[in-house]
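Inspection log for the structure reproduced underneath, given as structure tokens.
The values are calculated or read from the model by the stated rules, or taken from the named source; none is laboratory data. Owing to the predicted nature of the structure, the values given are computational and were not obtained by experimental measurement. Reconstructed Cβ throughout: ideal geometry from the backbone, glycine too, with neighbour counts over all protein chains shown. These accessible areas exclude ligands, DNA and RNA; they are computed on the full protein's heavy atoms, side chains included. Shrake-Rupley method; radii C 1.70, N 1.55, O 1.52, S 1.80 Å.
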Amino acid sequence: MFNKQLWANVSKLHFLESYPALPCPYCKSMNLKLDTESFTARKLSWQARRAYQEQFKDNELMDFANKEDNSFFKLAALVLTAADGAMYQPSQFIAFFKCGMCNENVSSTGLAKIPNNDTSVRQIKVESFNPPLPLFPLSDTTPTSINEELLSSFNHFFSDTCSSGNRLRRAVEKLCLELGYTQERNLYQNIEAMADEFPLEARWLQSLRLVGNEATHADKITEDDLLDSYKVFEVVLDIFRRKHIEPEIEKVALQLQDKFKKPHKQLSLKP
Ligand SMILES: [Zn+2]
């Protein structure tokens, strides 16, 4: 099941030495750990910091820095502005995560906050994992076109909530396509057409469509909105798991019925 707490935690600024274990994209086990030996950081130059600040200019940088929130923009703003107090070196970092189960490696990049007087309490905010980490296990029963959009959404989650939400909307579109609901004029109507067959899922997909619309047109979705959306989407994808497994289950259930069904006794009517 989707672990919202874990990912909310990963999207925050985190101490390097106590970084949580993550799911490995290769073997799927929860054994992907930050290899602190591989951590390398370089101080952001004045120019690089300005470039970051330019990137966030439209997002009211200073406002964000003063609010308690963990969205990427706000965190980046916090890292950059904290440096003004000369307490920290705002840096960019690269580091590897290594899987304790299959030994595969995942690279990561992002922002680091390194105190000037004590480098043992370094904090990092990962902006990107390569290859991307699945925020929930992607099943083989889900059509590839949907999994690809989801992976792309996961990939953007740590650095750009709007792009991530936009990919999520595309995953909803692909889902309609894969189920054959493409006859209507727009996504809203295609999902409505699905309601006869999948009433609950259709209602849930309408909520995800609204998140996707907001991400595409208004830039106002948060990491928390995305995490809630993933939680819903994972369960909607049960449609494909059920479709895949139902013929087999039907066969087995009928076999059990044939084996154990007792013939009904004839009722004898006595005078
Ligand atoms: Zn692994």
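Data table
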item	result
Unique residue being open to solvent by less than 50 Å² (accessible area, probe 1.4 Å) and either outside the structural domain of N9 (by TED's automatic domain parsing) or modelled with pLDDT of 95 or more (or both) when the list is I239, I245, I249	I239
Odd one out for P23 among (1) open to solvent by 50 Å² or more (accessible area, probe 1.4 Å); (2) within 16 Å of the ligand (Cβ to nearest atom)	(1)
Any chance T109 is open to solvent by 50 Å² or more (accessible area, probe 1.4 Å), among the hydroxyl-bearing types (S, T, Y) and either more than 16 Å from the ligand (Cβ to nearest atom) or in the same structural domain as L44 (by TED's automatic domain parsing) (or both)	yes
Residues located in the range 206-231, provided they are among the aliphatic types (A, V, I, L, M) and either at pLDDT below 90 or open to solvent by less than 60 Å² (accessible area, probe 1.4 Å) (or both)	L208, V211, A215, A218, I221, L226, L227
Count of residues meeting criterion [closer than 22 Å to L177 by Cβ and open to solvent by 30 Å² or more (accessible area, probe 1.4 Å)] in the range 129-144	5
Which numbered condition R203 fails, given (1) open to solvent by 100 Å² or more (accessible area, probe 1.4 Å); (2) over 29 Å from W7 (Cβ atoms)	(2)
Helices (runs of 4 or more DSSP H) wholly inside the range 166-243 that include at least 3 residues being closer than 19 Å to L151 by Cβ	199-217, 223-236
Test: residue in the range 49-57 that is at positive phi and either open to solvent by 100 Å² or more (accessible area, probe 1.4 Å) or within 16 Å of the ligand (Cβ to nearest atom) (or both)	no
Residues that are in a helix (DSSP H, G or I) and either closer than 17 Å to D225 by Cβ or aromatic (F, W, Y) (or both), drawn from the range 151-165	S153, F154, H156, F157, T161, C162, S163, S164, G165
Residue match in the range 24-47 (condition: modelled with pLDDT under 65, touching a Phe, Trp or Tyr at 6+ places or on another chain (Cβ under 7 Å), under 18 Å from L111 (Cα atoms) and part of a loop (DSSP other than H, G, I, E, B))	no
